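In what follows, a structure is listed as structure tokens, so that the remarks can point back to it.
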Amino acid sequence: MTALRGNGAEQPNSSLRIAILLCEHVEGLGNAVNLAAIQQWFAEHDPAVVLRVVPQLCTARPAGLPDLLAALAVDRIVFGLCREQRHLERIAAQVRQAGLDPLGLETVNLGVAIVGPTDPETATRTARRLLAGAVAKVRSYPGSSVDNVKPRLPHRLSRRGFLGLPLLTNETVPSILRRQCAAERGCTLCAQACPHGALQPQDGEIVLEKMRCQSCAFCVTTCPREALFFPGSTSAQIEAQVRALLAPEPGEVQPYGLLYVCEEVATTLAAVQPGWLPVRLPCVAMVPPTWYLAPLLLGASVVGVLPCSAHCPPALTQTIEERVQFAQHFLQAVGFPSDLIQFRPIDASGPVAERSDIQSLRRYPEPPGAVFSLQPKIIASLLLELARLGSDPSGASSPSQQSAFAHHAAPLGIVQIDQAVCTACGLCAAICPTEALQAETTAEHWTLRFEAASCIACAQCVSVCPEQTRGAIRVHRMISWEQLLAGPRVLAQDRVTRCVRCGASIAPARMVDRVMALLGNESPGLRENLAQYCASCRFIAGPAAGRPEHDT
Amino acid sequence: MTRRNTEGKRPAQGQPATRLAAPDPAAWAQLATLRRALYRFLAVIYLPPDEDRYRQLLEAARTIRADRALLAHFHWYLHWQPLLDHLTNEHPPNVAELLRAYTSLFVIGPGGRPSCSLYASSYLDPDRRLAGFISLQVEQQYRTAGFVLAPQMHELPDHLAIELEFVAALCAYEAEAWQARAAAHLRAILQQERHFLDTFVGSWLPELARRLVHDDMTGVYSAAAEAATALVRHDLDLLAILLSQVDEV
């Protein structure tokens, strides 16, 4: 696991050797976790995983960790701890010393996940699921680059430190995958979304000011092209983890709830009822609406979110609430109970209630393709699938072609053009980061096409429209079943005006009309020059343009 | 390779009006000294290999590896490991092999041109002209810092080894400034370090590293470019933080 250039899109590699290192106290959690049973499960299901109990793993310096990792010759590591590891920086150094990337390390705090007098079988099963989830997540880890680290000064310097050197700590920060980024076209979605102003557009690129970055990863899920890479929080990693957490087991009937937990409050998980499987994230505001819905198709009986209350800026808390609300309303609209999604379910009962409606989505086969991807077409197919299942329990028919579902947090949208005002400049298509809008010029016509399944309602098109104040373009956050099913359609079309001298295209007719209207009573010669000649011929025609004797 | 011009102008010298009140400047001086050693190590790699120089290089690599428990606290260490592996394994490439690779990569390649130039001008000059305005700009930076090339060094100022040596020299100045606790002087040096890393070394090293991945058969030069890129990027972040701290004093 040496430094790979992460691009956030690598496929999980099943040949990678993974070590699960367990704290010696894990066995005593609950009413005793059966480590032998966990070891046997991995031997049967995932032979590339080696499991070891390491003395003092939860302390500052586990004995001989670099040597152990070197001896095991593993590519990735998962820590199963009995409590929160407070010395992760020192552990990271030891991991680095063994030639492994500490940003790919996954820690599972089994101490807070398995509490109370849980019976040994439940404790073992929960521990096994959490570890399998972590293994799947690290297996999908594509590797980091030096851009993913922000050094931070130590709080205080000690003269007794290593040779007096100030030992810096490191924070994980996102990096921008230039090949996937649409900043060159003018997209600034991530910069607009960053609550700390750390991302800035600069000369056709997005630049991260690391000093401002608070490592919330909120930007990561705002990019429909997945051009922001945050180690540990890519859609592929989270999906792999969720799939492993919720994987069906023969003979196991207990329903599980999936709970997105903010890193800040991960230790309060002890207050959560058994049956919730936690997915830790740097900040749960990063969870896009579809991540609340997708786990239901993967076998979760209910999905919850546990944000931090004290540290989260109000705007982020509002975002979380709005997205949860969208997911709840959407489920309701397509015929499922809205309480399959729960906000802050910490005081509620566990997700194990014997309710037939809670189980309703578990009957359907698990979708084979990616469901956590941020690409709009995958979002659209997920929503269509849920609508199909909801409208017809047999899953055989399509959603009503008449209906649409509007919500201010909807992940998709539609674009409307007022053809009477649009000047066919094509700027909207040029900036569209998902290519939902595409402009095409043929010999006769200029055409603007729109595909609802690619539109994320980001409104970048509105921001660049020179006629936006006159209402040339509007974006509505809504899921229009009709448009999603219809595919690409023509949104605006106009004939192309041609040069009377050389026949080259000048501009779409309505743009020429708009220019004429703006010129008003300017000289007729200029008006005619602009309306009849292309840019090259205007210079040749010069002042003679427009006169009857002009040689064309 | 280089010597310091004692008569040359040093950044903001003579104006140490503010005394630095950082918690432990000696520790930061040590870090600057460590960074100096690392840049010098990298600089030597990109000089034509000879027996003596190569022996010293291998010894230095073994020393760095021996300190891995300490150095692994820095994230760049992860990116240094392939280089250290090449130089400290049981059978490191011999001098003849390295010299062949050096000549083919950096001096005269199969088509008569080196595949990976070691001059900043080859990457930063729009016309790829050697000894042009990029060389002049780099030389100006050296002059400002009072850094002059030794007479026996017959290379253009924008050669990678010399640029790295210059950064090492700036680190040495920085260590002195930390020791002297002179805030204004220190700030000037940190700014110059950041400017030089950002505008010169750091702006073309990644491209060199990319080219070397394809062309370097020994693995040493590509691993060194990766290591240097990681160190430069880390230092740019570190310098930004240090500057904000110094500004607070």
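Some points to look at:
- Tabulated pairs, the stretch A:203-224, first closer than 27 Å to A:ILE379 by Cβ and within 12 Å of chain B (Cβ to nearest Cβ), second at pLDDT below 95 and not in a loop (DSSP other than H, G, I, E, B), C-beta under 9 angstrom, 6+ apart or interchain: A:LEU208/A:ASP147; A:CYS213/A:LYS150; A:CYS213/A:GLU171
- Within the stretch B:157-171, the set of residues being without any contact (Cβ under 8 Å) to a residue 40 or more places away in the chain and either of a type in the set (Val, Ile, Thr) or surrounded by fewer than 19 Cβ atoms within 10 Å (Cβ to Cβ) (or both) is empty.
- Condition check for B:GLN30: within 14 Å of chain A (Cβ to nearest Cβ) and modelled with pLDDT of 90 or more: yes
- Near pairs, Cβ below 7 angstrom, 6+ apart or cross-chain, from the stretch A:38-50 (small (Gly, Ala, Ser)) to any residue that is surrounded by fewer than 16 Cβ atoms within 10 Å (Cβ to Cβ): A:ALA48/A:SER14; A:ALA48/A:SER15; A:ALA48/A:ARG17
- The stretch A:61-91, residues that are aliphatic (A, V, I, L, M) and at pLDDT 90 or above: A:LEU68, A:LEU69, A:ALA70, A:ALA71, A:LEU72, A:ALA73, A:VAL74, A:ILE77, A:VAL78
- Residue match in the stretch B:200-211 (condition: touching a residue at least 60 places away in the same chain (Cβ under 8 Å), within 14 Å of chain A (Cβ to nearest Cβ) and either among the acidic types (Asp, Glu) or buried (at least 20 other Cβ atoms within 10 Å of the Cβ) (or both)): yes
- Residues of the stretch A:63-107 that are farther than 21 Å from A:HIS25 by Cα, aliphatic (A, V, I, L, M) and more than 12 Å from chain B (Cβ to nearest Cβ): A:ALA71, A:LEU72, A:ALA73, A:VAL74.
- Of all residues in the stretch B:228-240 being over 24 Å from B:LEU186 (Cβ atoms) and crowded, with 24+ Cβ neighbours inside 10 Å, the one that is farthest from the other protein chains (Cβ to nearest Cβ): B:ALA228
- The lone exception for A:GLU264 - which of (1) more than 19 Å from A:PHE372 (Cβ to Cβ); (2) at pLDDT 90 or above it fails: (2)
- Among the conditions (1) surrounded by fewer than 19 Cβ atoms within 10 Å (Cβ to Cβ); (2) within 12 Å of the chain's Cα centre (by Cα), the only one that B:PHE196 does not satisfy is (1).
- Between B:PRO16, B:PRO25, the distinction of being within 14 Å of another protein chain (Cβ to nearest Cβ) and at pLDDT below 90 belongs to B:PRO25 only.
- Hey, A:CYS428 crowded, with 17+ Cβ neighbours inside 10 Å, closer than 25 Å to A:ASP513 by Cβ, in contact (Cβ under 8 Å) with a residue 40 or more places away in the chain and in contact with a helix residue (DSSP H, G or I) (Cβ under 8 Å, 6 or more places away or on another chain) or not: yes
- Among the residues of the stretch B:67-91, those identified as without any contact (Cβ under 8 Å) to a residue 60 or more places away in the chain and more than 14 Å from chain A (Cβ to nearest Cβ) are B:GLU90, B:HIS91.
- Top-ranked residue of the stretch A:93-111 - restricted to ones that are under 27 Å from the mean Cα position of the chain (by Cα) and either among the polar types (S, T, N, Q) or surrounded by fewer than 21 Cβ atoms within 10 Å (Cβ to Cβ) (or both), ranked as farthest from A:ASP75 (Cα to Cα): A:ASN109
The values are calculated or read from the model by the stated rules, or taken from the named source; none is laboratory data. None of these values were measured; they are calculated from a predicted model. Every residue, glycine as well, gets a Cβ built from its backbone with ideal geometry; the counts of neighbours run over all protein chains shown.
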